[in-house]
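Notes follow once the structure below has been shown.
The values are calculated or read from the model by the stated rules, or taken from the named source; none is laboratory data. The model shown is predicted, which means the values in this text are computed figures rather than measured ones. Methodologically, a virtual Cβ is constructed for each residue, glycine included, from the backbone with ideal geometry; neighbour enumeration extends over all protein chains shown. Only protein heavy atoms, including side chains, enter the accessible area calculation; ligands, DNA and RNA are left aside. Shrake-Rupley method; radii C 1.70, N 1.55, O 1.52, S 1.80 Å.
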Amino acid sequence: MSAPVFLAEASSSSESGAAGGLAGFPAGSLYVLDGAEGRHAGVVQRRGVGEAVDVVDGEGLRLRCSIEGVEPSGVHLRVREVVEEPAPDVVVTLVQALAKGDRDEMAIEAATEVGADAVVPWQAERSIVVWRGDRAAKSRARWLATVRAATKQARRARLPRVDLAIDTRGLVERTRQVVDAGGAVIVLHEEAVVPLAEVALPVPASQDVAAAGRAPEVLVVVGPEGGISEKEVEALAGAGARTARLGPHVLRTSTAGPVAIAMLVQRLGRWGAADDER
């Protein structure tokens, strides 16, 4: 069974919710997991001496550790191994329309577990939910917490970025930027002719380029319960987006994104053999 994952405490200057750095803890060193994560490990989960745990920084660095003691100051860990997981050579981003209830949060939770690298809240034309003022801040905080919990559940070392909410005008502009940079924008639409499995994907970047944050991006756009309006589809297509369908069935807004992300990460080779027909 894989070891549970705990995130190093987030820095106060981080807007994305990314956790703190773990540099400077080589194999054999002692690391103290404190704060909320330390309390969760030692008090809530009652982790004991000798158990294996991983601590990640949200940016690809993983400390494989064993517990040496549980103290009021935190859980004392002996670092057994340091693993640096590579940056994605193609960034996969879910653009999720705001949805009523918790359907949008369900979508980003599952998308994080299957491998999304970033999520973007989209205030679509037909979104019933509206993020404004205090509600916007509280809603994004819930998204951050959802993605953080899903990252730990999936034992990931990289914490997906949660962007600020954008409207359709902002999404059109971002579509232009992604396409101009060599990426792709895919709008899931039930009337599309081309299946997602046949949409061409960007050429993966070298690891040096990926590590520098310049890897090409694939945006997967999912509409709200009422669907994406024709006006929005036309605007996004005009900026370079392509429409695609998942299959013969119409999925809910809470499931379409995770299914699409799973298909894409499989094609990109993260779950096995890569698709040779990118």
Can Ala52 be described as of a type in the set (Gly, Ala, Ser), open to solvent by 30 Å² or more (accessible area, probe 1.4 Å) and free of Cβ contacts under 8 Å to residues at least 40 places away in the same chain? no
Considering each of Gly133, Gly115 in turn, give the residue that is at positive phi, open to solvent by less than 70 Å² (accessible area, probe 1.4 Å) and free of Cβ contacts under 8 Å to residues at least 60 places away in the same chain. Gly133
Checked the range 184-237 for anything part of a helix (DSSP H, G or I) and touching a His at 6+ places or on another chain (Cβ under 7 Å); matches are Val233
More than 20 Å from Val90 (Cα to Cα), touching a residue at least 24 places away in the same chain (Cβ under 8 Å) and buried (at least 22 other Cβ atoms within 10 Å of the Cβ): which single residue out of Ile228, Ile261 fits that description? Ile228
All conditions in (1) open to solvent by less than 10 Å² (accessible area, probe 1.4 Å); (2) hydrophobic (A, V, I, L, M, F, W, C); (3) not in a strand (DSSP E or B) are true of Val43 except (1)
Test for Arg245: is it touching a His at 6+ places or on another chain (Cβ under 8 Å) and open to solvent by 70 Å² or more (accessible area, probe 1.4 Å): yes
Would you point out the residue of the range 155-175, among those that are surrounded by fewer than 16 Cβ atoms within 10 Å (Cβ to Cβ) and touching a residue at least 12 places away in the same chain (Cβ under 8 Å), that is farthest from Val53 (Cα to Cα)? Glu173
